[in-house]
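The values are calculated or read from the model by the stated rules, or taken from the named source; none is laboratory data. All values reported here derive from a predicted model rather than from experimental measurement. A quick note on method: Cβ atoms are made from the backbone with ideal geometry, for glycine too, and the neighbour counts reach across all protein chains shown. Note: accessible area is taken over every heavy atom of the protein model, side chains too, but ligands, DNA and RNA are not part of it. Shrake-Rupley method; radii C 1.70, N 1.55, O 1.52, S 1.80 Å.
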There are 2 protein chains.
Amino acid sequence: MMPVPLSLNRLLEHAGRLFPEQEIVSRLPDKSLRRHRYADFHRRARQLAAALKKLGLRKGDRVATLCWNHHAHLEAYFGIPAAGGVMHTLNLRLAPDELGWIAHHAHDRFLIVDDVLLPLYQRFAPHHRFERVIVFPFSGAPVTERDGDPHEGEPAIDDYERLLARAPADFHYADHHEDDPVAMCYTSGTTGKPKGVVYSHRSTVLHSLSCALPDAVNIAANDTVLPVTPMFHANSWGIPYAAVMVGARLVFPGPHLHPEDLLDLIQAEPPTLSLGVPTIWLGLIQAHEANPGRWKLPTAMRSMVGGAAVPEALIRQFAKHGVRVTQGWGMTETSPVGSLFLEKPELRGKLSDDEWFARKAMAGVPLALVEARIVGEQGVCDWNGSDVGELQVRGPYITGAYHDVPQDPDKFTADGWLRTGDVASIDAHGYIRIADRTKDLVKSGGEWISSVDLENAIMAHPGVAEAAVIAIAHRRWGERPLACVVRKPGATVTVESLRELLAGRFASWQLPDAFEFVDEIPRTSTGKFWKLKLRERFAEWRWPEGA
Amino acid sequence: MMPVPLSLNRLLEHAGRLFPEQEIVSRLPDKSLRRHRYADFHRRARQLAAALKKLGLRKGDRVATLCWNHHAHLEAYFGIPAAGGVMHTLNLRLAPDELGWIAHHAHDRFLIVDDVLLPLYQRFAPHHRFERVIVFPFSGAPVTERDGDPHEGEPAIDDYERLLARAPADFHYADHHEDDPVAMCYTSGTTGKPKGVVYSHRSTVLHSLSCALPDAVNIAANDTVLPVTPMFHANSWGIPYAAVMVGARLVFPGPHLHPEDLLDLIQAEPPTLSLGVPTIWLGLIQAHEANPGRWKLPTAMRSMVGGAAVPEALIRQFAKHGVRVTQGWGMTETSPVGSLFLEKPELRGKLSDDEWFARKAMAGVPLALVEARIVGEQGVCDWNGSDVGELQVRGPYITGAYHDVPQDPDKFTADGWLRTGDVASIDAHGYIRIADRTKDLVKSGGEWISSVDLENAIMAHPGVAEAAVIAIAHRRWGERPLACVVRKPGATVTVESLRELLAGRFASWQLPDAFEFVDEIPRTSTGKFWKLKLRERFAEWRWPEGA
């Protein structure tokens, strides 16, 4: 067979050639809609690539993006790799010093930033100096270009649109192997610093093919795809790549993620497929029910939901409106779609509605290219639905290492599997049930909050002996952090002083909602915090009404 | 990303694990149906692999199959590569000496053969000595095993079923790279000897993913797939691999390919997807119309048709019965699906029914991993629907060479594209129109006339069963078209009515100068019009004096 590498460039060329008339709709900061065609996207992504090359981008250089979901971000998805660069999506919900640390660790050379996010950029600029900052005039306001000043450490500023207009016309794709990187995304781990996952041409094409299959996300040229999942969150689950591959229509919500805004957008540009974390849909359902008759949900819409466990009640609520919710499981490390709900033929006609809903609330079955196993204390478990252990996965679009950190046996097994940290079982039909979300993380509104980072910060308080942060179920956010704090003997520690301490170091949504003072943190025999015991102790704990 | 190779073994494991209850139905020589489950298939394919290894199969050894479409052939599809071997499908419609030549050229070491095909094997056995002949007791008759006799050149004979029963239990998949071969298939060229195309783990997995996509063949676990296309014909278009990957139900027709037999099978085990060359469907429609009410075509059935151009009239006839015909283009060299009909979003609501039918009779649009270009005498042509040249393709599941023959510049360009030998145009929407095989074009007065276009037009005549147009040497024009026409039983077709039919649709110089009524059009082993034979038959045909 021909030694033709799998390549994002092929998908871009295919899309531009086969679907030039297809539409890409972006919602701007002023809530108006901007419409592009794939022909524009194809031209502009290549212009971006040509411009980056002209600016001196070298093979493998990282180009960060700090952007909402819109057409220019999609251009970066394809344009940066087309130039041989690696797109590094920055999570705009992180605290400035964390953003700075991540950009610095990735050695990001250029930055593409929405003009409306420049204030955030300014806050982490001191932590990492980009060589160039390319400002996308998302709001329509003019961008003032300037040369950089190496002595002052000031980056050059480019206007994204003028940069594209100035791009040389004679663009050629950068040569590449299929294992060359195209994108990277940092994930907040349980311990230590965020870790970078690097995606390749190969992994991205294989993930796109796998996701687009009829029994996976089922994406076709006739679909209209609404990615609410941020494009900085595991590349919006990789779905924009798949959508471009098949020539689907895309609708991007821009910065407007409030339930009412999303309902307006869904009404105006009805999607057949939408993607988002449970929190988004929960808000959407509540707003919809609070204003009966104001919006109509499109009856043909499938909703891919993931990033955190989806409550069965939510799946049922959507079903009442004719919206099919498909739950999946994945991680930034798995590109991310590892498993998805499938209505398996052998169960058709054999399960009651209630049994189907229960299955829909599980984590689905592994996709064809993903090997999944459960490893308990006795080794690899049977698929019997009862043996519980760590979920481990392996496959060509699953990462085998983190960017620029030593290989950690807590993350990868000696025989080459990813240790997901999720505790799960798999039943005889292949359905994965996540028994326990990752032990030490709090998943709030689809975003990870590292309990360890909070604990370390709290323990920096002069009056604190030790502290452990656990996740407490929250009806709106899925989980929210509760901090358990042990005072030093005789010390005075107020909740206010703790809040003050953390406020400067974390984004507000990362802060614990409550603090409980306890006598001691239970410990395992090896001296580690035994959070299981702590969770048991606070099992009956409830957030105040209205929280 | 993990260095996990693409692998057929993964698809087999996935299918066995995820879809153990799924059914595989095979029609036996006595027309009864045998039912297996994927769990059986998974176990038996691995048993076959273990048995082959025990028999001394080495990595890369070729194992030939001479089999109809049935479950054991599917076991060979996966079991031979699982052992590290290469499955070489022999085309049972070829002449014995050609079969012998091919088996010899491929250095086939073992043979798996249906007991009902042993007489054919005996006829080419003198041309190539297999080390072992494994007889599948398809008819149920007992197989007499025997040891081989190296002195007499007699191969050992094994009973397929007993071989599996004796297989060691401790099977492990052979290590492999993804570029290692899994299967090979010889294609009969127009000139010279047949040429072998070798498929790899990688190409087969990529082709399976591409074909299963919603806008390609669209295969899901809930499908019932009926591969009428022989499993020795480009691996039944690669669809059995894709069907196994997604866990679809499979129905194999065995040796019973007569229209009545197929209609019985379709009635008994209604497929949602069937595959076959136009001839098969033509016969099926005719039998169905000859016996109104005897069979009901399943309304949910899609029919993938390829291997030769599908007349628009046939597509319309099927549509009357609610059966959607999807036409594709491909070659043994392209795994084989290169392009498929797609109802493109930008044309929705803009084309009349007639225009859609015209598009359905074209060769479809290229799949995402397939690059297509038209190369004329002036170089690469635009996609404008009018520039005609050779169709050339490139991609990771397209062969870059033939097995064990020197690289031929008539087959591959210097920049690495496959020269398909088809003359085509591509329009602005990406639809490929095959004007003709290079060798089948009629060159009249320096202008090309497409025999395919004329044939399709003639076959739209209500009294015509089939028609083939060939070039006859002409003293004035170089070549002129002669139409060979087969009437439907009992139908009256006059030359005048044919001329009238064509007059409105072709320029006068493109019209056939003569019509010959014949009893049948000779066909190749794969069911295509065998124009070489037709040209031989009319070699002495002369234009009248003065023409």
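Show the residue pairs meeting these rules: Cβ distance below 8 Å; 6+ apart or different chains; first residue within the stretch B:180-200 and at pLDDT below 80; second residue buried (at least 21 other Cβ atoms within 10 Å of the Cβ) and outside any loop (DSSP other than H, G, I, E, B).
As it stands, the answer is B:GLY189/B:LYS195, since those pairs meet every condition given.
Can we say B:PHE124 is in contact with a helix residue (DSSP H, G or I) (Cβ under 6 Å, 6 or more places away or on another chain) and either in contact (Cβ under 8 Å) with a residue 40 or more places away in the chain or not in a helix (DSSP H, G or I) (or both)?
no
If you scan the stretch B:204-218, which residues turn out to be part of a loop (DSSP other than H, G, I, E, B) and either surrounded by fewer than 24 Cβ atoms within 10 Å (Cβ to Cβ) or within 7 Å of chain A (Cβ to nearest Cβ) (or both)?
Passing the criteria: B:LEU213, B:PRO214, B:ASP215, B:ASN218.
So which of B:THR187, B:THR144 is in contact with a strand residue (DSSP E or B) (Cβ under 8 Å, 6 or more places away or on another chain) and open to solvent by 60 Å² or more (accessible area, probe 1.4 Å)?
Exactly one of B:THR187, B:THR144 is in contact with a strand residue (DSSP E or B) (Cβ under 8 Å, 6 or more places away or on another chain) and open to solvent by 60 Å² or more (accessible area, probe 1.4 Å), namely B:THR144.
For the stretch A:246-275, give me each residue that is part of a strand (DSSP E or B) and open to solvent by less than 10 Å² (accessible area, probe 1.4 Å).
A:LEU250, A:VAL251, A:PHE252, A:GLY254, A:LEU273, A:SER274, A:LEU275
Pull up the stretch A:147-158, narrow it to residues that are open to solvent by 20 Å² or more (accessible area, probe 1.4 Å) and in a strand (DSSP E or B), then point me to the one that is farthest from A:LEU33 (Cα to Cα).
Across the stretch A:147-158, the extreme among qualifying residues is A:ASP149.
Would you tally the residues in the stretch A:339-358 being within 14 Å of chain B (Cβ to nearest Cβ) and surrounded by 15 or more Cβ atoms within 10 Å (Cβ to Cβ)?
The total comes to 9.
Please find, among B:LYS533, B:LYS439, the residue that is more than 30 Å from B:ALA368 (Cα to Cα), part of a helix (DSSP H, G or I) and open to solvent by 10 Å² or more (accessible area, probe 1.4 Å).
Result: B:LYS533 is the single residue among B:LYS533, B:LYS439 that is more than 30 Å from B:ALA368 (Cα to Cα), part of a helix (DSSP H, G or I) and open to solvent by 10 Å² or more (accessible area, probe 1.4 Å).
Taking the conditions exactly as written (open to solvent by less than 40 Å² (accessible area, probe 1.4 Å) and farther than 30 Å from B:GLN267 by Cα), does B:PHE78 satisfy them or not?
no
Can you tell me which residue within the stretch A:290-313, out of those that are polar (S, T, N, Q) and open to solvent by 10 Å² or more (accessible area, probe 1.4 Å), is farthest from the chain's Cα centre (by Cα)?
For the stretch A:290-313, the residue satisfying everything is A:ASN291.
In the list B:HIS201, B:HIS177, which residue meets the criterion of being over 26 Å from B:ASP115 (Cβ atoms) and open to solvent by less than 10 Å² (accessible area, probe 1.4 Å)?
Answer to the check: B:HIS201.
Against the definition (surrounded by 22 or more Cβ atoms within 10 Å (Cβ to Cβ), within 13 Å of chain A (Cβ to nearest Cβ) and in contact with a Pro (Cβ under 8 Å, 6 or more places away or on another chain)), how does B:SER335 come out, yes or no?
In short, no.
For the stretch B:92-99, does any single residue satisfy the condition of being within 14 Å of another protein chain (Cβ to nearest Cβ) and crowded, with 19+ Cβ neighbours inside 10 Å?
no
Would you pick out the residues in the stretch B:502-527 that are buried (at least 17 other Cβ atoms within 10 Å of the Cβ) and part of a helix (DSSP H, G or I)?
B:LEU502, B:GLN510
Among the candidates B:GLY247, B:GLY254, B:GLY276, single out the residue that is in contact (Cβ under 8 Å) with a residue 60 or more places away in the chain, more than 14 Å from every other protein chain (Cβ to nearest Cβ) and small (Gly, Ala, Ser).
One residue alone meets the criteria, B:GLY254.
Regarding A:ALA165, is this residue aliphatic (A, V, I, L, M), surrounded by fewer than 24 Cβ atoms within 10 Å (Cβ to Cβ) and within 14 Å of another protein chain (Cβ to nearest Cβ)?
no
Is it the case, given these coordinates, that B:ALA483 is open to solvent by less than 50 Å² (accessible area, probe 1.4 Å), in a loop (DSSP other than H, G, I, E, B), closer than 15 Å to B:ALA460 by Cβ and of a type in the set (Gly, Ala, Ser)?
Spelling it out, it is not the case that B:ALA483 is open to solvent by less than 50 Å² (accessible area, probe 1.4 Å), in a loop (DSSP other than H, G, I, E, B), closer than 15 Å to B:ALA460 by Cβ and of a type in the set (Gly, Ala, Ser).
Only one of (1) over 17 Å from A:ALA76 (Cβ atoms); (2) open to solvent by 10 Å² or more (accessible area, probe 1.4 Å) fails for A:HIS233. Which number is that?
(1) is the only condition that A:HIS233 fails.
Which residues, counting only those in the stretch A:370-393, are at the interface with another protein chain (Cβ under 10 Å from one of its Cβ atoms) and open to solvent by 10 Å² or more (accessible area, probe 1.4 Å)?
A:GLU371, A:ALA372, A:TRP383
Picking from B:ALA242, B:ALA287, which residue would you name as being within 14 Å of chain A (Cβ to nearest Cβ), closer than 22 Å to B:GLN327 by Cα, surrounded by 17 or more Cβ atoms within 10 Å (Cβ to Cβ) and of a type outside the set (Lys, Arg)?
Only one candidate qualifies: B:ALA242.
Is it the case, given these coordinates, that B:LEU52 is more than 8 Å from chain A (Cβ to nearest Cβ), in a helix (DSSP H, G or I) and farther than 27 Å from A:GLY395 by Cα?
The answer is yes for B:LEU52.
Could you list, in sequence order, all residues of the stretch A:276-313 that are of a type outside the set (Lys, Arg), assigned to a loop (DSSP other than H, G, I, E, B) and out of contact with any strand residue (DSSP E or B) (no Cβ under 8 Å at 6 or more places or on another chain)?
Those that are of a type outside the set (Lys, Arg), assigned to a loop (DSSP other than H, G, I, E, B) and out of contact with any strand residue (DSSP E or B) (no Cβ under 8 Å at 6 or more places or on another chain): A:ASN291, A:PRO292, A:GLY293, A:TRP295, A:LEU297, A:PRO298, A:THR299, A:ALA300, A:PRO311.
Kindly provide the set of residues from the stretch A:314-331 that are touching a strand residue (DSSP E or B) at 6+ places or on another chain (Cβ under 7 Å) and open to solvent by 20 Å² or more (accessible area, probe 1.4 Å), ordered by number.
A:ARG324, A:THR326, A:GLY330, A:MET331
So B:PRO119 fits all but one of (1) in contact (Cβ under 8 Å) with a residue 24 or more places away in the chain; (2) open to solvent by 20 Å² or more (accessible area, probe 1.4 Å); (3) not in a loop (DSSP other than H, G, I, E, B); (4) not hydrophobic (A, V, I, L, M, F, W, C); what number is the exception?
Only one criterion in (1) in contact (Cβ under 8 Å) with a residue 24 or more places away in the chain; (2) open to solvent by 20 Å² or more (accessible area, probe 1.4 Å); (3) not in a loop (DSSP other than H, G, I, E, B); (4) not hydrophobic (A, V, I, L, M, F, W, C) is unmet by B:PRO119, namely (1).
From the residues in the stretch B:3-21 that are assigned to a loop (DSSP other than H, G, I, E, B), open to solvent by less than 30 Å² (accessible area, probe 1.4 Å) and touching a Pro at 6+ places or on another chain (Cβ under 8 Å), which one is nearest to B:ARG35 (Cα to Cα)?
So, considering only residues that are assigned to a loop (DSSP other than H, G, I, E, B), open to solvent by less than 30 Å² (accessible area, probe 1.4 Å) and touching a Pro at 6+ places or on another chain (Cβ under 8 Å), the one nearest to B:ARG35 (Cα to Cα) is B:PHE19.
If the requirement is being open to solvent by 10 Å² or more (accessible area, probe 1.4 Å), under 21 Å from the mean Cα position of the chain (by Cα) and either under 26 Å from A:TYR121 (Cα atoms) or away from chain B (no Cβ under 14 Å) (or both), which of these qualifies: A:ARG27, A:ARG44?
A:ARG27
Report the residue count in the stretch B:394-425 for those that are within 11 Å of chain A (Cβ to nearest Cβ) and more than 23 Å from the chain's Cα centre (by Cα).
Final tally of qualifying residues: 1.
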